[in-house]
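Here is the structure we will look at.
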Amino acid sequence: MGDFMNKAGKVAKYAADKTGDVVEIGRCKAKITSRKSEITDLQKKIGAYYYDAYRATGETDPKVEDHLKAIEEAEKKIEELEESIKNVKNGK
């Protein structure tokens, strides 16, 4: 019976260690996700800065010019769709 209790104790310790590992891995993954979100937010801010500079001056790095023009086209389409919504609401 002592051997059984010894084995049961080892299994319980192993399970507790593994549970602790799972919890620690979960914490680390949550922190990684949070940091990745921070990076994404900062990248958006950088992009917004350059986009605002482009709109103000019309000048930009040729490597991003196509992307900036695509944003302008998307903004025009949004304006058209918003106008369509107004028309529908006003019964036109």
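Where a number appears in this text, it was derived from the coordinates with a stated rule and is not lab data. What you are looking at is a predicted structure, and each value in this text was computed from that prediction instead of being measured. Note that we place each Cβ from the backbone using ideal geometry, even for glycine, and neighbour counts take in every protein chain shown.
Around residue 34, what is the net charge, scoring Lys/Arg as +1 and Asp/Glu as -1 over all other residues with Cβ under 13 Å from its Cβ? Charge balance near residue 34 sits at +3. Can you give the local net charge around residue 23? Use residues other than it whose beta-carbon is closer than 14 angstrom to its beta-carbon, Lys and Arg +1, Asp and Glu -1. Neighbour charge sum, excluding residue 23 itself: +1. Basic side chains Lys and Arg get +1 at the Cβ, acidic Asp and Glu get -1 at the Cβ, and with that the dipole of the chain about its Cα centre reaches some 740 debye. The largest-to-smallest principal axis extents of the Cα set in the chain are 85, 43, 16 Å.
Helical content alone sets the calculated 222 nm signal of the chain at -34000 deg cm²/dmol, taking -39,500 (n - 2.57) per DSSP H segment of four or more residues and averaging over every residue. Summing Lys and Arg as +1 and Asp and Glu as -1 over all other residues whose Cβ lies under 13 Å from the Cβ of residue 10 gives a net charge of +1. The stretch 71-92 and the stretch 41-69 have Cα centres spaced 24 Å apart.
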